[in-house]
């Protein structure tokens, strides 16, 4: 069974201010929201999917619970009609922490909501002020408390490499997302887009974007926290379709379309290194077992992990094989027999 989102973009609707990093219209490629087009967008996706697929309508791009209340309810009613007909399974949305209150919760409880994605970004008030987010850490704590009490699942979105943010800030944010009860997460390394205040800061040397290697390392640190707390990370970096490489929108930052795979590979390197150190393996050869389909992530781009592991631990031969009993980031290691080191 595949999980498919039917994205309905509501670019910047409901947002009370302009965050310094945000140009949502450029990222989504959508400049105007036409309510009458929603049915068409939903039906175009539905006709391409199998009845076996799990499909949900997802309101992305703006702060859904902050839009005009009448419009929000009309959109929820429309989405719910597809749920009631059996053509989709549920509804999800993205919003801001300060646009979750008791009244909103009461409304959402009337619909089949699978989860709410919260744009948390940081759990440091000083950073949030610098970003001009317009909400506080207290707002995030209140929103997650209300969602948990209402038994509405939530996903925490966080950013890496924000102005004023350190690795310690990002580690704290990831831990807090787990502690607050998130069922999932997204990690977004900061990209500088045109026509944003962050672009001006970058050109004035007031902000220095992360290079690709630093973005990978810091994202992998956050991902490790999510993995160890069983909080599924559903996305690392912007989707390739989000105008990431467009010269009309991109200014600076770690814009590699494969950054998600690179971050996962870096985390495998960390887990393997920790296992080798604990096992005190000193042989010339090493066998690494991983879950099915993940050999390329363990090996790394251009065998980077293998090369670095050999150099770090003085290992001559490393072989990576699949093990059907392993899942996700589980790995097993063992010394290779002497006569197998060829």
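The values are calculated or read from the model by the stated rules, or taken from the named source; none is laboratory data. Please read these numbers as outputs of a predicted model, since none were measured by experiment. Note that we place each Cβ from the backbone using ideal geometry, even for glycine, and neighbour counts take in every protein chain shown.
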Name the pairs whose Cβ atoms lie under 9 Å apart, with the first residue in the range 322-342 and closer than 30 Å to residue 223 by Cβ, the second at pLDDT below 85 and exposed (fewer than 13 other Cβ atoms within 10 Å of the Cβ), and 6 or more positions between them or separate chains? 335/282
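Listed here are the residues, each with its yes/no results for (1) over 23 Å from the mean Cα position of the chain (by Cα); (2) surrounded by fewer than 18 Cβ atoms within 10 Å (Cβ to Cβ).
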residue	(1), (2)
78	yes, yes
82	yes, no
102	yes, yes
106	yes, yes
109	yes, yes
113	no, no
Is it true that residue 130 is more than 20 Å from the chain's Cα centre (by Cα), at pLDDT 95 or above and in the same structural domain as residue 253 (by TED's automatic domain parsing)? yes
Quick check on the range 197-212. Is at least one of its residues closer than 26 Å to residue 93 by Cβ and within 18 Å of the chain's Cα centre (by Cα)? no
Filtering the range 322-342 down to residues that are at pLDDT 95 or above and not in a strand (DSSP E or B), which residue is nearest to residue 266 (Cα to Cα)? 329
Filtered residues of the range 290-321 (kept if outside any helix (DSSP H, G or I) and surrounded by fewer than 13 Cβ atoms within 10 Å (Cβ to Cβ)): 292, 293, 314, 316, 321
